[in-house]
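Student: Supplied in C-alpha cells, the structure appears directly below.
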2 protein chains.
Amino acid sequence: MTTKIVLPDSELPKQWYNIAADLPTPMDPPLNQAHLPVKPEDLEKVFPMNIIEQEMSTERWIDIPEPIREKLALWRPSPLYRARNFEKLLDAPVKIYYKNEGVSPAGSHKPNTAIAQVYYNKEFGIKKLTTETGAGQWGSALSMACSMFGLECKVYMVRISFDQKPFRKMMMQVWGGNCVPSPSPDTAFGRKILGEYPDTPGSLGIAISEAIEDAVQDEHTRYSLGSVLNHVMLHQTVIGLEAQKQMAIAGDYPDVVIGCAGGGSNFAGLAFPYALDKINGKDIDIIPVEPAACPRLTRGEFAYDHGDTAGMTPLLAMYTLGHAFVPQPIHAGGLRYHGMAPMVSRLVQDGLFRPMNIGQNECYKAAVMWARSEGFISAPETSHALAAVVAEARKAKEEGKEKTILFNWSGHGLMDLVGYDRYLRGELNDVDLTDAEIAEGLQSIKGLPKPAGC
Amino acid sequence: MTTKIVLPDSELPKQWYNIAADLPTPMDPPLNQAHLPVKPEDLEKVFPMNIIEQEMSTERWIDIPEPIREKLALWRPSPLYRARNFEKLLDAPVKIYYKNEGVSPAGSHKPNTAIAQVYYNKEFGIKKLTTETGAGQWGSALSMACSMFGLECKVYMVRISFDQKPFRKMMMQVWGGNCVPSPSPDTAFGRKILGEYPDTPGSLGIAISEAIEDAVQDEHTRYSLGSVLNHVMLHQTVIGLEAQKQMAIAGDYPDVVIGCAGGGSNFAGLAFPYALDKINGKDIDIIPVEPAACPRLTRGEFAYDHGDTAGMTPLLAMYTLGHAFVPQPIHAGGLRYHGMAPMVSRLVQDGLFRPMNIGQNECYKAAVMWARSEGFISAPETSHALAAVVAEARKAKEEGKEKTILFNWSGHGLMDLVGYDRYLRGELNDVDLTDAEIAEGLQSIKGLPKPAGC
C-alpha cells in the first residue's frame, strides 16, 4: 500500500509551462500611470531584462537553466502523497492526493521562484535584491536563494510582523539576509513615514515602496516579488508538472484540483498544467480557495487595479477588492492581499476555475484533523486548501459519487503556531464581510480603466 | 549530477537490526536498587511487556509490524543526499553524504521510535503514555505518534523550557498532547517540589520522576523514553539500513560515519548497521560527536550509573559524568545528558567507535556555512555532526587523502533559532570544563558497582 510517490532528481521538469500560450482569452496588458500599455523599458530599473522578457513571453515551454535545476534538486521533485489516514477519517468515497511543498528548506513552495529569480538576476549582473515581506515566508525564501548564489538580500519586513515574529527574522539572518522593520530609516520614503507617524505598525504597501526605492537607485540592485506576476506563476508550474507524472504512476487522474490562493502562485503552480488539460477537453473541477476575510474571486470585481496600496505600481487586470481594501488580520497572512494574479484572474473570468471562500475556524478545524491523522502541521494558508478538501469529500459522500481529489499542501506551519493555539482555545473569530464593506473597498478602483475582456 | 537518492515506500526496511546479537563483548545487565540484575517483571509497571522483551532481546533481526511501517511511510525512506554545495565550499578531497531525518512531521529522527513505542503500547492494551521532555523534540514526536494511534499523551516539560519555548507546547497541543510544566500539581512528587521550591525552573530529573509516578499508578498507563534504552536504538536502525541501500545505489561506501550523540539514538540509528560491517572486518571510522560541555565518551567513565538525577532508575553500565553532573545550558538541549546509551557505550569501550567533542561556537559556525550552501537549517544538536564533518574534511585535505563521509542530519532547527541569533551576535560562550569539574560530577558514582567488562 503506497503512501507516497517519489521521483528521482532526473525527473525534475526540464521546462516550465507558460499558460500565456494557451489562454482562451488573451491577457489585458498592464498599464502605466498614463493608462498606456507598459513597455519592457518601463520596468528595467525594477527588474532585470531577462525576467521582464519572461514576464511578457507567450512561449508555451520555457527551458529551466541547469543551475536552477541543481538547486531545486535540494528538495524537488517533491513527493506526491496519498492521504490514506485522512481519507479514513473522512469516511467518504474519495481518494485524496497531495503534493508536499513543505519539504523545501524554507518550508513552502516559495523557493521554487526565489531560486529562479536570483539566478536570472545574477546572470544579468545584479549584486543585490530587495523585497518586502509580511508574514515572512517570502523574505525567508529569497534570503535563502540569495545566499546560495552569493547575492546580497535586503528584506523590508512590515514592522508589526518584525516585532511579533522574531523567529522569521532570525531565519533570514541565518541565510545572511538583512531584514529591517519597515518603515525604516534606510529609505527617503521610510524616513518620511517615520517622521510623520513614528509609532506606525507599517504595512505591505509601505514596505513595497521602500523595497522599490532601494532597488531603483542603484544599477546593480533590483527588486523581487514572490507572487502575482506571470513569471512567478511560470516558475511554480514545476509543482503541477511533477504531479502529472506522479499521478500517472499512481494510475489515477484528479476529478478535483485544489489550492489556496493569496497572490495565486501556489495554486497556479499546481493548477495551470491541469488547466491545459481542461482547455483540451478534460472534465476537471479546479478550485482556488480564498479566505472569507479576503474574497477577491468570489465577491470582488475583475478590473484594472494597482498591485500596491499606495497606487505606485502599474495597473493589472485582475480580480480585486480595491487597493484601499485592508483585510482583517486573519492568521493566514499570505492570503491577505487585495488583488489576485492576473493569469489566475483571467481563467476565473473565463470560467475555467471555480473559486470558493472559507472562514478561518473551518480551516483550522480541518488542519487539526489533518495533523492528528497525517502528522504534518499545515501553514495557516494551506489550511484553506484542506478545508476545501473536507467540503468536497462531504459533497461526494452526500451525492454518493466517487471522486479523486488532488491538492497542493503548500507549506508547513511550524513557524506559525499561534493561530492553532488561539483556535484550540476558541479565541478565533470568523470575518463575515457585509456587502457594504466590499463596496467600500471597491470605491478605490472607480475611475480606473476597464479591462477589454471584462 | 544526482543530489539525492530517494527510495520508494516498498524499500522501507522490513526488519530492525539488533546489535545485541553481534557485540564483541556482551552487555552488562541493568541492576536494580539491590544491585541485582533487573528482571522483566521489575519493569512491567513502567513499560508494556512486549517492549520489555524487545529491550532484552538478542535476536539479530526483528520484524517491523506492518502498521508501524505504514506510519513510517509518511516520511520514510528518508532521502540520502550528496552535499555537493558544502563540498565545494570546503574545497577538500571529500565526498559528503547525509541522511535527512528532518523530513518527518516533527522535524527529527525521534518519530522513528515514537511510532513503534505507541504501536506496541496500543497492542498491549495501554490507553495513555506519559513522558518528560526538555527542549521539546521528544514530547512533540510522542504526541504526534499518540494522536495517530488514538492514545492519550501526557508530557511533563521542564518548566523553564515550557516558559521559554511556548511554540513547542503549541506543537504538542496541535497533536492533542497534554503538555504541563514540571514540577506540576498533577503528581505527589510535583506537589512536594512545588511546596518546597515554588519558583523552581524544574529539571529533567524531576520531570522523569513525575512521568513515571503518573504511569505506574494506573494499569492502562505506561511511560515512554525517547533515547538511551536498547529498544530505542533498535527502532532507529531504519536510518542506517536505508543508508546502506542508498549508498549502494550511489556506488559509494563511507570511510567515515558521523552522528551527534546525546542519549545516543540518532547516532546509533545510522552507525549500528555500519558497526556490524566493521565487526565483520570493514575499515570504517565511526564517530559519535558530543558537546564539549557534556563530554561523557571523551572525558567520562564507563561505569554503572543511574539514568536520572534523583537515582530512581535501574543502574546502567554506560559512559557517564555522574548523575549529579549538571551540564551548562548550551543550546543543544538534546545533548545535555550525563549518561550515554549502554549499547553505544559498550562499543566505545570495545574500541569500535572514535568519539570526539566540540564546542558550540564551532558547531554554529559549521551550521551557518551549511544553511548558506545546502539550504537546510540544522538543529543545534545536528550542528555537532556538521562541525565534525568540517574537521574530518580539513584533516583529509591536510593529509591529501580522498575520503567518503556519511553523516546523520538528525533534524531541522526551525523551532530553535535563538541559538543562531546569539551566535551571529557573538554572544555564545564555549564551555571548557576543568578536570576538577569532571571529577566532581563523577563523585556521584562512587560506591556503585563496576561493570564486568570495564
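The values are calculated or read from the model by the stated rules, or taken from the named source; none is laboratory data. Everything numeric in this text was worked out from a predicted model, so none of it was measured. Methodologically, a virtual Cβ is constructed for each residue, glycine included, from the backbone with ideal geometry; neighbour enumeration extends over all protein chains shown.
Student: Tally time: how many residues in segment B:45-103 are within 14 Å of chain A (Cβ to nearest Cβ) and of a type in the set (Asp, Glu)?
Tutor: Qualifying residue count for the region: 4.
Student: Continuing with the same structure: For A:Trp16, all conditions in the list (1) buried (at least 20 other Cβ atoms within 10 Å of the Cβ); (2) modelled with pLDDT under 95 hold save one; what is the number of the exception?
Tutor: So the condition that A:Trp16 fails would be (2).
Student: Could you please find all residues in segment B:34-45 being touching a residue at least 60 places away in the same chain (Cβ under 8 Å) and either under 22 Å from B:Gly150 (Cβ atoms) or not in a helix (DSSP H, G or I) (or both)?
Tutor: B:His35, B:Val38, B:Lys45
Student: When the residues of segment B:294-348 are filtered to those that are touching a helix residue (DSSP H, G or I) at 6+ places or on another chain (Cβ under 7 Å), among the hydrophobic types (A, V, I, L, M, F, W, C) and over 25 Å from B:Leu234 (Cβ atoms), which remaining residue is modelled with the lowest pLDDT?
Tutor: Top of the filtered list is B:Ala310.
Student: Could you run through segment A:134-175 and say how many residues are among the hydrophobic types (A, V, I, L, M, F, W, C) and either more than 12 Å from chain B (Cβ to nearest Cβ) or outside any helix (DSSP H, G or I) (or both)?
Tutor: 11
To keep it simple, each residue is scored yes or no on (1) crowded, with 23+ Cβ neighbours inside 10 Å; (2) in a loop (DSSP other than H, G, I, E, B); (3) acidic (Asp, Glu).
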{"site": "A:Arg76", "(1), (2), (3)": "yes, yes, no"}
{"site": "A:Glu87", "(1), (2), (3)": "no, no, yes"}
{"site": "A:Ile115", "(1), (2), (3)": "yes, no, no"}
{"site": "A:Gly125", "(1), (2), (3)": "no, yes, no"}
{"site": "A:Leu129", "(1), (2), (3)": "yes, no, no"}
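Student: Same structure again: Cβ-Cβ distance below 8 Å, separation of 6 or more or different chains: which pairs start in segment B:107-119 with a residue that is more than 11 Å from chain A (Cβ to nearest Cβ) and end on one that is aromatic (Phe, Trp, Tyr) and assigned to a helix (DSSP H, G or I)?
Tutor: Taking only residues 6 or more apart or on different chains, the pairs are B:Lys110/B:Trp138; B:Val118/B:Phe149; B:Tyr119/B:Phe149.
Student: OK, next. Within segment A:419-454, restricting attention to residues that are among the aliphatic types (A, V, I, L, M), loosely packed, with under 15 Cβ neighbours inside 10 Å and at pLDDT 95 or above, which residue is nearest to the chain's Cα centre (by Cα)?
Tutor: Only one residue tops the list, namely A:Ala439.
The rows are residues; the columns are (1) surrounded by fewer than 19 Cβ atoms within 10 Å (Cβ to Cβ); (2) outside any helix (DSSP H, G or I); (3) out of contact with any strand residue (DSSP E or B) (no Cβ under 9 Å at 6 or more places or on another chain).
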| residue | (1), (2), (3) |
| --- | --- |
| B:Pro24 | yes, yes, yes |
| B:Phe47 | no, yes, no |
| B:Glu59 | yes, yes, yes |
| B:Arg69 | no, no, yes |
| B:Tyr81 | no, yes, no |
| B:Gly102 | no, no, no |
| B:Pro105 | no, yes, no |
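Student: Return the residues of segment B:248-294 that are closer than 24 Å to B:Ala114 by Cβ and among the polar types (S, T, N, Q); say none if nothing qualifies.
Tutor: Scanning segment B:248-294 gives B:Ser265, B:Asn266.
Student: If I filter segment A:331-349 for residues that are free of Cβ contacts under 8 Å to residues at least 60 places away in the same chain and either within 13 Å of chain B (Cβ to nearest Cβ) or surrounded by fewer than 24 Cβ atoms within 10 Å (Cβ to Cβ) (or both), do I get at least one hit?
Tutor: No, segment A:331-349 has no match at all.
Student: Mind checking which helices (runs of 4 or more DSSP H) fall wholly inside segment B:225-298 and carry at least 2 residues that are among the small types (Gly, Ala, Ser)? Full working, then the answer.
Tutor: Numbers: elements: B:230-236, B:238-250, B:265-279.
Output list reads B:238-250, B:265-279.
Student: Could you please give the count of residues in segment A:206-227 that are in contact with a Phe, Trp or Tyr (Cβ under 9 Å, 6 or more places away or on another chain) and surrounded by fewer than 18 Cβ atoms within 10 Å (Cβ to Cβ)?
Tutor: So the count comes out to 1.
Student: Considering only residues of segment B:182-205 that are in contact with a strand residue (DSSP E or B) (Cβ under 9 Å, 6 or more places away or on another chain) and under 14 Å from B:Phe162 (Cα atoms), which is surrounded by the fewest Cβ atoms within 10 Å (Cβ to Cβ)?
Tutor: Within segment B:182-205, the match that is surrounded by the fewest Cβ atoms within 10 Å (Cβ to Cβ) is B:Pro201.
Student: For segment A:1-35, how many residues are among the β-branched types (Val, Ile, Thr), touching a Phe, Trp or Tyr at 6+ places or on another chain (Cβ under 7 Å) and within 14 Å of chain B (Cβ to nearest Cβ)?
Tutor: We begin by selecting, within segment A:1-35, every residue among the β-branched types (Val, Ile, Thr); these are A:2-3, A:5-6, A:19, A:25.
When the remaining residues are screened for being touching a Phe, Trp or Tyr at 6+ places or on another chain (Cβ under 7 Å), the result is A:3, A:19.
If we keep only those that are within 14 Å of chain B (Cβ to nearest Cβ) as well, we get A:3.
Residues meeting the conditions: 1.
Residues are listed down the side, and each one gets a yes or a no for (1) in contact with a Ser or Thr (Cβ under 8 Å, 6 or more places away or on another chain); (2) of a type in the set (Gly, Ala, Ser); (3) in contact (Cβ under 8 Å) with a residue 60 or more places away in the chain:
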site: B:Glu219; (1), (2), (3): no, no, no
site: B:Arg222; (1), (2), (3): yes, no, yes
site: B:His235; (1), (2), (3): yes, no, yes
site: B:Ala250; (1), (2), (3): yes, yes, yes
site: B:Ile258; (1), (2), (3): no, no, yes
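Student: Taking the stated definitions as given, is B:Gln173 touching a residue at least 40 places away in the same chain (Cβ under 8 Å) and among the polar types (S, T, N, Q)?
Tutor: Judged against the criteria, B:Gln173 is not a match.
Student: Of all the helices (runs of 4 or more DSSP H) wholly in segment A:381-454, which have at least 1 residues that are within 14 Å of another protein chain (Cβ to nearest Cβ)?
Tutor: In segment A:381-454, the matching helices (runs of 4 or more DSSP H) lie at A:382-399, A:418-424.
Student: Continuing with this model, one more query. I need every pair where a residue in segment A:355-380 that is of a type in the set (Ser, Thr, Tyr) has its Cβ under 7 Å from the Cβ of a residue that is surrounded by fewer than 21 Cβ atoms within 10 Å (Cβ to Cβ), sequence separation at least 6 or different chains.
Tutor: Final answer for the pair search is A:Tyr364/A:Leu428; A:Ser373/A:Asn85; A:Ser373/A:Leu89.
Student: A further question on this structure: Which is more than 16 Å from A:Met171 (Cα to Cα), of a type in the set (A, V, I, L, M) and over 18 Å from the mean Cα position of the chain (by Cα), of B:Leu352, B:Leu347, B:Leu406? Steps first, please.
Tutor: Working: B:Leu347 fails: over 18 Å from the mean Cα position of the chain (by Cα); B:Leu406 fails: over 18 Å from the mean Cα position of the chain (by Cα).
Going through B:Leu352, B:Leu347, B:Leu406 in turn, just one is more than 16 Å from A:Met171 (Cα to Cα), of a type in the set (A, V, I, L, M) and over 18 Å from the mean Cα position of the chain (by Cα): B:Leu352.
Student: Next up: If you take the residues of segment A:362-380 that are more than 10 Å from chain B (Cβ to nearest Cβ) and of a type in the set (D, E, K, R), which of them is surrounded by the most Cβ atoms within 10 Å (Cβ to Cβ)?
Tutor: A:Glu362
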